[in-house]
Amino acid sequence: MCICYNECTIYYVVQWMTLIIIVFSCRKEMTTGMNIGIIAHNSKKSLIEDFCIAYKGILARHEIYATGTTGRRIEEVTNLHVHKFLAGSLGGDKQFTEMIERNDMDMVIFFYNSAITEPREPDVAKIVRACDQYNIPVATNIATAEMLILGLDRGDLDWRIQYKEDM
């Protein structure tokens, strides 16, 4: 069986493929510069370090904000620049929440220990409630964090750019 293509068909196929390449390359460019908030309870610091090492390539294309100790530990293991707030117990969780309330955070990763509630640990409910109020995607476990970070890399969170402009 022989399939014959005329010049016109080949021209349109090439044009279509070029358009697809342009769209996907622009989509990648749009996802740069989002603000990612990272916070972890003391018992989850090693997990957040491992997560940041694994996704260093994606995180490097964005601005990272973290509470003091978490931010310092991320910087040490990844050599990425992290904008650090105070330690969570010294008011860093409040600074973190204020950035969410200004709608300046595009995604939050918050690994917490659900078995322990200590007053000096950052307030999970307050941060998650603020994310819900301002439509900021939030992950509280490794499975959801991986979904969000891979979605961020694919451009699935580009809607945040338009959403913030419309606010």
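The values are calculated or read from the model by the stated rules, or taken from the named source; none is laboratory data. Note that the structure is predicted; figures quoted are calculated from it, not measured. Counting neighbours? That spans all protein chains shown, and the Cβs are built from the backbone with ideal geometry, glycine included.
Being buried (at least 17 other Cβ atoms within 10 Å of the Cβ) and part of a helix (DSSP H, G or I) is true of Arg160. Meeting the requirement of 3 or more residues that are at pLDDT below 55, the helices (runs of 4 or more DSSP H) wholly within the stretch 1-95 are 7-30. Filtered by the rule that a residue be buried (at least 17 other Cβ atoms within 10 Å of the Cβ) and not hydroxyl-bearing (Ser, Thr, Tyr), the stretch 57-79 gives Leu59, His62, Glu63, Ile64, Ala66, Gly68, Gly71, Arg73, Ile74. Among the residues of the stretch 97-111, is there at least one that is surrounded by 19 or more Cβ atoms within 10 Å (Cβ to Cβ) and in contact with a Ser or Thr (Cβ under 6 Å, 6 or more places away or on another chain)? Looking through the stretch 97-111, at least one residue is surrounded by 19 or more Cβ atoms within 10 Å (Cβ to Cβ) and in contact with a Ser or Thr (Cβ under 6 Å, 6 or more places away or on another chain).
Scanning the stretch 137-146 for residues that are under 14 Å from Ile36 (Cα atoms) and more than 10 Å from the chain's Cα centre (by Cα) yields a single hit, Thr140. Looking only at residues in the stretch 112-134 that are among the polar types (S, T, N, Q) and at pLDDT 80 or above, the one that is surrounded by the fewest Cβ atoms within 10 Å (Cβ to Cβ) is Gln133.
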